[in-house]
1. Looking at the chain, send over the antiparallel percent of its DSSP beta bridges, to the nearest 5.
2. With label points built 7 Å along Cα→Cβ from the Cα atoms of His300 and Val30, find their separation and express it in nm.
3. Assuming R0 = 30 Å, can you tell me the calculated FRET efficiency for the pair Asp484 and Asp61, based on Cβ-Cβ distance, to the nearest 0.05?
4. What dipole magnitude, in Debye to the nearest 20, does the chain give about its Cα centre under +1 on Lys/Arg Cβ and -1 on Asp/Glu Cβ?
5. State the Cα centre-to-centre distance between the stretch 216-247 and the stretch 267-306 in whole Å.
6. Counting only residues 5 or more places away or on other chains, whose amide H sits under 5 Å from the amide H of Glu384 once H atoms are built in the peptide plane?
7. Give me the one-decimal nm value for the distance between modelled label points at Gln373 and Thr308, 7 Å along each residue's Cα-to-Cβ direction.
8. Taking only Cα atoms, what is the 0 to 90° angle, nearest 10, from helix 269-291's long axis to the longest principal axis of the chain?
Amino acid sequence: MSTINPSGKEIFSVTTNFCGRPLKLEVNRVGFRSTASVLVTYGDTVVLGTAMVSSRPVVLDYFPLSIDYEEKFYAAGKISGSRFIKREGRPSDEAILIGRLIDRPIRPLFPKGYRQEVQVVASVLSLDPNFRPDSIAMIASSAALMLAGVPFDGPVAGIRVGRVNGQFKAFLTPEEREASDLDLVVAGIKSGITMVEAGANEVSEELVTEALAWAFEAYQPAIALQNELVAKMSPVALPYELVLPNSEIQAAVDGWVEGKLGEDLQKPYPERNELVSTLRWDFHEQMRAAIGADKYDAVHDEYDEAFTMAIHKDVRRGIVENGLRPDGRKLDQIRPLSSEVGVLPRTHGSSIFTRGLTQALNIITLAPLSFSQIVDTMEVTEGEHRYMHHYNAPGFTVGEVRRLSGPGRREIGHGYLAERALMPVLPSREDFPYAIRSVTEIMSQNGSTSMAATCSSCLALMDAGVPIKAPVSGIAMGLMMDGDKPYVLSDIADAEDFAGDMDFKVTGTAKGITAIQMDMKLHGLPVSVLGEALAKSKSGRAFILDHMLTTLATARPKLSPYAPRIEKLMINPDKIGAVIGKGGETIKKITAETGAMIDISDDGLITIAAVDGQAIERALNWIKGLTEEPEVGTVYEGKVVSIKDFGAFVNIMPGIDGMVHISELADKRIEKVTDVLTEGQIVKVRLIAIDEKGRLSLSIKSV
């Protein structure tokens, strides 16, 4: 289909069947002044992907690519639930995470040394509530880049996969996602997979491998459709120059370091890091002396990058040729482990987990359910988030002076991964009615801090007495490809991450996987290699888990004395009004007089929290008195509120009266009710019957 837009450009669209629905890519309909824009429609979801490319390179030592995902509340027919802010502001954590999800498979497909500033924005303009829009946003971003004339080795497509009735399925409904034991996002190019993100309910490595293979085949139509669009549009390649180390400089550096690397640097990381730092310092001093200070300072950064490249090549050489890693470990060897719990006296739970030079301190805080985070996004309206994991890693953890600021995309992503790892093993809100905040303070970084955050948060949860279903450990796997031969590394450190081809994080229990995050620098990997890495991660996770269980085998039987105690009570939802009272008068009075904190859910679940057990008991009895349903056979203490010739009415609960017939006043015959009762008298009565109209019959003589 094609027409002419107001700017004189022809509107093109291409369509294909994608997982049971039409997928349409349309260009030149909107975004006339962008470098490239693509409007993607799938069901009722419409996403605009735009790419802007700067006209000249930026003087930076990295590729300035930014990829953002924009939630628009109007897309879902919503106005923000915030009382004060109605327009979209700072992206939600969910939007930041989806932006990272799109970024991760795209970034490695640009050539090393590319320095043009590139900005990609995926804006959701219309939201189909029957499925999540993230994979459509990824396709929109990729298609825009394919038309922007940049050296992007795409196209990329992604798909979110679950399992319904034992069968893999994409674009699950919210109800299907809730029932699925797998939530897997797979992205890649035509020849292989470049990114994996997953949450799972203790599934096997074999099942994940099957899902990867299914997803790889399922996203291929979206790849083919983008290639069809490119063929129709014939985008013009933009000029660029790669900023790479001078080949002569690299050769000179390689010659200088020859003989100084290899076995001489295969030392444990504290010692190795010092040796590399000293060697780098000596290298610059000798180069400066040989070339001259002024001349050398002008090319210092190029020599430094060349030195780093030489170190990376040495790391790869040692692994491929000798099967030894930079710190002398074998490929499947885990760094030294240590852990402890209960390290902070006043917190509700705490732990320190150390693996090599990577160290994480985790703190657990428990609170009533009313402290749960309210989630108000384009997709979710006022959902509750009762388990929150926050991750912090200031500059000192990598030996740098760095200004303190709020969490960045990396911190949010690492916290989310550790949070997702523990979610499947948390007790239900009915069994454990607490909001839980887990905070990981990274103390030192040398590879895979997100997995240290996972292990430390698991130990801290158990230290806090949270009855998790099973303990969880995590490991980061690495990969070096030598031609077609993969070298899989267990528990990678920084040096291997920087020099390697893949970072593959896996968390799980002894039973199965709970979360996965995989990023790679290669342009796609076959499923077989990913399956091998998954299989090898299992023994590494088990080794780390065994260590953790020697520190603390199960959750503590009691909560910290400083944590609030919570009792729960289910009432008839129709009775909620009696507890709240007019204008909240009743619940305010209960709270003020007992000191307990009371939360009420719409389903009738009431939680009562206080550090003092007596305060809880007083509030609990008070609420029971307001909400208890009359039960035949139960003895009540009530007040006589009215006397008639045939009997008396007695109030046994707030708003609930029953009648004692004159024949039920005593074992002997009573002539007048007033002979034995007076109004206002307190008496004990038994409920002996409730008729079809709900009227209560009481008896004094049966007590």
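1. Of those bridges, close to 90 percent are antiparallel.
2. In this crude label model, His300 to Val30 measures out at 4.9 nm.
3. 0.40
4. Dipole about the Cα centre, nearest 20: 1140 debye.
5. 38
6. Correct list: Val375.
7. Computed distance between label sites Gln373 and Thr308 equals 3.1 nm.
8. 40
No value in this document is a laboratory result; all are computed from the given coordinates. Keep in mind that this is a model prediction, so the values were computed, not measured. Note that we place each Cβ from the backbone using ideal geometry, even for glycine, and neighbour counts take in every protein chain shown.
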